[in-house]
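Everything on this sheet refers to the single structure shown next.
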Amino acid sequence: MFLLVGELAALLTSLCWSFTSTFFTLAGRLVGSIVVNRIRLLLAVLFLVLTHLLLGQALPLGAEPWRWFWFALSGFLGLVLGDAFLFQAFVWIGPRLSMLMMSTAPIFSTLLAWLFLGERLSAAQLVGIAVTVVGIAWVVFDRAGGGEQGATGRRQESGRSVPPVAAQSGSPTVVEAGAPAHRSQMRLGLLFGVGAALGQALGYITAKKGLVGDFSALSGTLMRMIAAAAILWLITVVVGQVRPTFAALRRRPEAMKYILGGAFFGPFLGVTLSLVAVQRTAVGIASTLLALPPIFLLPISHFVFKERIGWGAIAGTLVAVMGVAILAFA
């Protein structure tokens with residue numbers, strides 16, 4: 001059976017996140033990933049409001065209160081709490097191990113969808129998920145071998161690969177993938193990496209609760225993003241970082257073009273497509289296909305960040321593609 005709407009949306013999401021991680025990596029080098037993380041949510045809300053306005057109204061005011069609850073909870077769990085865990089994991093253990101922990105997200109998603117949504121997968125689909133996760137982990141783990149230095153060791157909050165990974169998350173103090181960590185930091189970093197994967201899984205589960213009844217994925221994304229932006233900027237106000245955030249942009253205005261590109265492909269287009277994926281297919285399958293940015297980032301890392309791609313990463317890519325094929329035809 002050919003890929004259905006949900007599976008195709010998930011693959012397109014991974015491709016979008018690959019682009020956004022590259023943009024956010026470049027922006028993060030100029031103004032820091034924390035600044036990028038704050039601004040990207042504001043721009044995403046702006047993009048979503050304008051798009052929603054073109055379709056009739058600026059905000060989904062007719063949405064039931066219970067939908068607002070589930071999308072707000074999803075935004076908090078996935079975009080605020082989950083990303084906070086991920087960014088701190090970057091600091092403690094570097095992008096490679098952090099993303100390795102993030103590759104467990106499909107496992108959590110499958111289990112939680114079974115427990116809370118009653119979704120059951122066939123044996124072939126479970127095999128496809130397992131094969132894909134192994135391939136992704138192989139690629140992420142192999143890239144520790146020497147390909148990371150070309151990207152300054154980071155990627156962004158949206159990015160999930162070795163170089164773009166840290167940049168996407170947005171922590172200007174992220175440790176290089178090969179940097180040593182104290183044992184206590186290593187344990188906490190691994191725990192936070194798992195927490196990030198769990199936060200992402202819970203974000204998908206709660207988003208699917210709000211999407212029931214063929215509710216618009218665009219509206220759901222806007223509601224989710226408004227909640228996440230409100231929480232993040234409330235924290236920014238409390239810690240007194242509003243002026244420093246915009247001052248950083250004034251010092252390096254060229255960063256805005258990268259943040260704009262990243263916000264378009266990531267929090268706007270990518271997150272919207274991810275909700276289409278979660279709505280149209282099983283959460284476990286969607287989460288697996290949404291974890292493919294490390295695969296798509298291989299050519300980007302090679303040509304943009306001048307990384308060397310080893311045979312292990314190529315082999316892992318083939319394994320991941322095999323897993324995707326199993327999911328497609330299961």
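The values are calculated or read from the model by the stated rules, or taken from the named source; none is laboratory data. All of these numbers come straight from a predicted model, not from anything done at the bench. Backbone-built Cβ (ideal geometry, glycine too); neighbour counts: all protein chains shown.
Do we have any residue at all in region 68-79 that's modelled with pLDDT under 95, hydrophobic (A, V, I, L, M, F, W, C), within 28 Å of Ser301 (Cβ to Cβ) and not in a loop (DSSP other than H, G, I, E, B)?
Yes, region 68-79 has at least one match.
Kindly provide the set of residues from region 256-268 that are buried (at least 23 other Cβ atoms within 10 Å of the Cβ) and of a type in the set (A, V, I, L, M), ordered by number.
Scanning region 256-268 gives Ile259, Ala263.
Residues Thr13, Thr20: which one is buried (at least 23 other Cβ atoms within 10 Å of the Cβ), modelled with pLDDT under 90 and closer than 24 Å to His302 by Cα?
Every option except Thr20 fails the conditions.
Considering only residues of region 235-257 that are over 23 Å from the mean Cα position of the chain (by Cα) and small (Gly, Ala, Ser), which is farthest from Phe85 (Cα to Cα)?
This residue is Ala247.
Hey, any hits in region 304-313 for a residue that's surrounded by 24 or more Cβ atoms within 10 Å (Cβ to Cβ) and not charged (D, E, K, R)?
Within region 304-313, one or more residues are surrounded by 24 or more Cβ atoms within 10 Å (Cβ to Cβ) and not charged (D, E, K, R).
Return a yes/no flag: does region 203-216 have any residue that is of a type in the set (Ser, Thr, Tyr), under 23 Å from Glu119 (Cα atoms) and surrounded by fewer than 21 Cβ atoms within 10 Å (Cβ to Cβ).
Yes: region 203-216 contains one or more residues that are of a type in the set (Ser, Thr, Tyr), under 23 Å from Glu119 (Cα atoms) and surrounded by fewer than 21 Cβ atoms within 10 Å (Cβ to Cβ).
Can you tell me which residues in region 245-255 are part of a helix (DSSP H, G or I), touching a residue at least 40 places away in the same chain (Cβ under 8 Å) and surrounded by fewer than 16 Cβ atoms within 10 Å (Cβ to Cβ)?
Arg251
Go over the candidates Leu43, Leu15, Leu50 one by one and state the one that is part of a helix (DSSP H, G or I), out of contact with any helix residue (DSSP H, G or I) (no Cβ under 9 Å at 6 or more places or on another chain) and at negative phi.
Every option except Leu50 fails the conditions.
Would you confirm whether any residue within region 218-227 is assigned to a helix (DSSP H, G or I) and either touching a His at 6+ places or on another chain (Cβ under 6 Å) or at positive phi (or both)?
yes
Which one of these is closer than 24 Å to Gln279 by Cβ and free of Cβ contacts under 8 Å to residues at least 12 places away in the same chain: Leu4, Leu12, Leu41, Leu54?
Of the residues listed, the single one that is closer than 24 Å to Gln279 by Cβ and free of Cβ contacts under 8 Å to residues at least 12 places away in the same chain is Leu54.
Any idea which of (1) on the phi > 0 side of the Ramachandran plot; (2) buried (at least 24 other Cβ atoms within 10 Å of the Cβ) is the one Gly32 doesn't satisfy?
Of the numbered conditions (1) on the phi > 0 side of the Ramachandran plot; (2) buried (at least 24 other Cβ atoms within 10 Å of the Cβ), the odd one out for Gly32 is (2).
Could you list, in sequence order, all residues of region 196-234 that are over 23 Å from Leu59 (Cβ atoms) and either without any contact (Cβ under 8 Å) to a residue 40 or more places away in the chain or over 14 Å from the mean Cα position of the chain (by Cα) (or both)?
The one that is over 23 Å from Leu59 (Cβ atoms) and either without any contact (Cβ under 8 Å) to a residue 40 or more places away in the chain or over 14 Å from the mean Cα position of the chain (by Cα) (or both): Ile205.
So in region 217-244, with the set limited to residues that are closer than 12 Å to Arg38 by Cα and of a type in the set (Val, Ile, Thr), which one is surrounded by the fewest Cβ atoms within 10 Å (Cβ to Cβ)?
By that ranking, first place goes to Val237.
Restricting attention to region 271-290, and to residues there that are more than 9 Å from Ala10 (Cα to Cα) and under 14 Å from the mean Cα position of the chain (by Cα), which single residue is surrounded by the fewest Cβ atoms within 10 Å (Cβ to Cβ)?
Thr272
Among (1) surrounded by fewer than 22 Cβ atoms within 10 Å (Cβ to Cβ); (2) under 23 Å from Ser33 (Cα atoms); (3) modelled with pLDDT of 80 or more, where does Val91 come up short?
(3)
Among the residues of region 35-65 satisfying the criterion of being buried (at least 17 other Cβ atoms within 10 Å of the Cβ) and over 22 Å from the mean Cα position of the chain (by Cα), which is nearest to Pro294 (Cα to Cα)?
Per the criteria, the residue is His52.
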